[in-house]
Amino acid sequence: MQGVDAAWLPDGAFRPIGTRRTLIRGSGPLVDTVHGEVAQACVRFGGNVSRDGSPGPYDLVLELTGDGRDSGDGGEAFTFERGDGRTTVTASGGPGLLYGFFHVVRLGDAAFRGTCERAYHRPELALRMLDHWDNVAVHPVMGQVERGYAGGSLFWADGRARAELLGRVRAYARLLAACGINAVAVNNVNVHEAEARLLTDRIGEVADIAGVLRPYGIRTHLSVTFAAPMVLGGLSTADPLDEGVREWWAETTSRVYEAIPDFGGYVVKADSEGQPGPFAYGRSHADGANMLAAALTASDSGYGGTVHWRAFVYDHRQDWRDRTTDRARAAYDHFVPLDGKFADNAVLQVKHGPMDFQVREPVSPLIGAMPRTRLAVELQATQEYTGQQRHVCWLGPMWSEVLRFRVDGVSPVGELARGGLVAVSNVGDDPFWTGHPLAQANLYTFGRLAWQPDADPGGILDEWIRLTFGVFEAFGAEPAAGLHAIMDGSWRTYEKYTAPLGVGFMVQPGHHYGPSVDGYEYSPWGTYHFADRDGVGVDRSCTTGTGYAGQYAKPWAEVYESPGTCPDELLLFFHHVSYGHILHSGKTVIQHMYDTHFEGVEEVEATMEVWASLADSVDPARHARVTERLEEQLRSAREWRDQINSYFFRKSGVPDAHGRRIH
Ligand code: GCW
């Protein structure tokens with residue numbers, strides 16, 4: 001695929017396999033995929049691959065064991081061992097063999113050195129999914145991809161599936177499989193008119209995409225509108241308890257399965273930001289989700305589909321004067337009373353924080369509060385609020401904090417094992433996939449963390465750097481360390497020069513890029529900072545505020561309740577404090593703001609220097625693209641610094657202790 005960045009699968013990554021002798025045992029479509037991969041590598045590098053078991057010796061054996069049926073691990077597990085000069089991967093299912101193969105690719109030459117005892121690898125989360133917010137037809141405001149920063153859609157253009165890009169979709173599927181992703185929703189959760197039809201008369205286009213994703217172990221899901229029976233079926237209601245409506249969904253779903261036998265299921269944004277939902281009929285969200293869940297299991301054998309029901313339900317038309325309504329509370333208030341009421345194949349998909357993918361939010365209190373419901377956590381790889389893929393912002397550390405958060409000593413991971421981890425995709429038809437080449441690391445890290453949620457994100461970053469840049473001959477240990485440093489600190493750097501101490505938003509309304517401190521302050525969206533001449537922040541305590549802190553189990557309810565125990569980085573999320581309030585760091589709130597905003601810009605300047613020093617070690621086109629983005633990042637970071645500092649200086653009248661320039 002000329003002109004498309006190879007990302008973490010450059011040709012050179014296949015040399016260790018392509019120069020050797022490989023035996024593949026077993027049959028099935030995914031085994032064929034593995035065979036195709038090895039054969040291609042051998043053509044390039046001179047090795048050979050056999051499928052029939054003719055006498056060896058072999059350096060690598062990839063073997064499907066058992067009868068290939070699900071042995072409780074979804075067929076995704078594999079074993080890896082090395083002894084007697086031979087590397088062996090076994091799996092009981094095609095997906096496991098594919099993941100085992102990519103494990104060997106990741107190890108490179110190390111897979112063929114020394115000995116290694118038999119080790120069993122399996123994903124901790126069964127569902128590792130990307131949601132594309134791609135529109136089929138260009139939306140007048142949101143464009144082809146809602147919150148997309150990587151060009152057009154990989155799947156859709158000019159109102160149709162992009163047949164000419166199906167080769168590109170295959171390359172995408174391969175990248176996803178190589179980091180462990182096994183499910184993709186191909187259209188936006190805001191389902192407009194053209195997109196609604198994908199469910200019915202346009203399902204063939206979805207089937208074409210599914211056909212390309214399938215050989216890489218990826219199931220296809222579809223976002224649907226709750227009003228489909230009315231919009232598409234001509235019914236007078238979409239009431240989830242109405243017999244006609246239930247029949248319509250059952251029939252429609254059976255036709256979906258005729259077209260796509262391994263269809264993954266529906267994603268639904270209901271009663272959220274203007275999308276239709278069960279509230280219109282006085283029904284609960286469990287009623288709505290269960291109706292679709294029933295349609296997805298309607299056949300005798302069960303289709304094996306899941307409904308992903310989003311918990312992003314809040315009042316987006318609130319009155320800014322009303323201090324009792326708190327958007328952060330909404331998901332918990334709506335859904336906790338429904339715990340235990342959702343069908344087995346319904347998954348409640350919860351954003352990782354209570355608001356909306358800000359650079360810093362507490363972990364959603366829903367996580368851990370619904371033990372009888374399957375939950376999936378939704379992350380945002382597309383950088384809507386984290387620099388829109390013009391800024392470097394590697395989100396691995398933030399996601400890892402979410403996955404390591406413990407409630408009563410219990411990690412959310414056990415819960416997610418039943419529901420899964422989902423990310424909003426950051427990919428488009430851009431030659432570098434993600435607009436900013438370094439944003440590829442977010443996609444890769446998401447897949448790897450979904451496979452192993454307690455993995456060290458720094459280790460994943462190094463793995464990504466080695467795979468993506470390592471085959472470039474001049475990329476030695478020093479450039480790798482430089483790049484690691486740039487990326488590892490980039491989320492905290494971004495946090496420093498944008499909205500401070502967890503207060504959030506302060507972005508330009510609508511497109512959400514760049515600062516506007518009061519942009520949302522008097523709006524209906526529920527995203528306020530309440531800055532006045534004395535202080536700033538939202539009081540979400542139980543004693544004097546909205547009571548949001550009380551939605552947490554111990555110890556968090558107590559930790560967040562008081563400014564004295566609340567972590568600095570979340571202080572303004574939970575409390576309204578004076579500018580002179582002393583943080584745990586020993587600084588006042590206002591001085592912290594000034595310092596971090598100056599530091600943030602300095603860190604971007606330092607990043608630019610390190611990147612410039614890598615010019616000879618990185619492919620020139622990739623280097624140029626990152627350089628161009630860094631220039632914009634620096635401009636934007638200065639704008640953030642100056643607007644935030646000037647705003648709070650003017651409000652508070654407190655000068656910077658170091659006398660730096662504030663406007
Ligand atoms: O973050 C907000 C975005 C919307 C998005 C919504 C959601 C798809 O600004 O563009 O809509 O969240 O998650 O549904």
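The values are calculated or read from the model by the stated rules, or taken from the named source; none is laboratory data. Keep in mind the model is a prediction, meaning the values are calculated, not measured. Note that each Cβ is placed from the backbone with ideal geometry, even for glycine, and that neighbours are counted across all protein chains shown.
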Filter result for Thr225 (outside any helix (DSSP H, G or I) and within 29 Å of Tyr172 (Cβ to Cβ)): yes
Contacts under 6 angstrom Cβ, first residue in segment 468-489 being surrounded by 16 or more Cβ atoms within 10 Å (Cβ to Cβ), partner in a helix (DSSP H, G or I) and among the β-branched types (Val, Ile, Thr), 6 or more apart: Ala480/Ile465; Gly482/Val610; Leu483/Ile465; Ile486/Thr607; Ile486/Val610
Selection within segment 232-273 - buried (at least 18 other Cβ atoms within 10 Å of the Cβ) and within 16 Å of the ligand (Cβ to nearest atom): Tyr266, Val267, Val268, Lys269, Ala270, Asp271, Ser272
Given (1) under 27 Å from His592 (Cβ atoms); (2) out of contact with any Leu (no Cβ under 7 Å at 6 or more places or on another chain), number of the condition Gly502 does not satisfy: (2)
Selection count, segment 507-523, where residues are in a loop (DSSP other than H, G, I, E, B) and within 16 Å of the ligand (Cβ to nearest atom): 11
Test for His581: is it buried (at least 17 other Cβ atoms within 10 Å of the Cβ) and without any contact (Cβ under 8 Å) to a residue 60 or more places away in the chain: yes
Residue satisfying condition, being within 15 Å of the ligand (Cβ to nearest atom) and more than 16 Å from the chain's Cα centre (by Cα), within set Asp326, Asp315, Asp333, Asp344: Asp315
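Given the condition away from the ligand (no atom under 15 Å from the Cβ) and at pLDDT 95 or above, answer yes or no: does some residue in segment 348-355 qualify?
Taking segment 348-355 first, the residues away from the ligand (no atom under 15 Å from the Cβ) are none.
So far as segment 348-355 goes, no, none of its residues is away from the ligand (no atom under 15 Å from the Cβ) and at pLDDT 95 or above.
For segment 73-168, which strands (runs of 3 or more DSSP E) that fit wholly inside it have 2 or more residues that are within 16 Å of the ligand (Cβ to nearest atom) and closer than 30 Å to Arg374 by Cα? Working first, answer last.
Details: elements: 78-83, 86-91, 116-121, 128-131, 134-139, 143-145.
Here the list reads 128-131, 134-139.
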Those residues of segment 378-392 which are more than 13 Å from the ligand (Cβ to nearest atom) and not small (Gly, Ala, Ser), in sequence order: Gln389, Arg390, His391, Val392
Subset of segment 176-196 [part of a helix (DSSP H, G or I) and either out of contact with any Phe, Trp or Tyr (no Cβ under 7 Å at 6 or more places or on another chain) or within 16 Å of the ligand (Cβ to nearest atom) (or both)]: Glu193, Ala194, Glu195, Ala196
Verdict on Met370 being within 16 Å of the ligand (Cβ to nearest atom) and aliphatic (A, V, I, L, M): no
Flag for Pro276 being out of contact with any strand residue (DSSP E or B) (no Cβ under 8 Å at 6 or more places or on another chain), within 16 Å of the ligand (Cβ to nearest atom) and on the phi < 0 side of the Ramachandran plot: yes
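With the requirement that a residue be within 30 Å of the chain's Cα centre (by Cα) and charged (D, E, K, R), what does segment 75-107 give you? It would help to see each step written out before you state the result.
Taking segment 75-107 as the starting set, the residues that turn out to be within 30 Å of the chain's Cα centre (by Cα) are 75-80, 89-107.
Within segment 75-107, Glu76, Arg106 meet the criteria.
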Residue among Ser425, Ser411 that alone is over 25 Å from Val604 (Cβ atoms), within 16 Å of the ligand (Cβ to nearest atom) and among the small types (Gly, Ala, Ser): Ser425
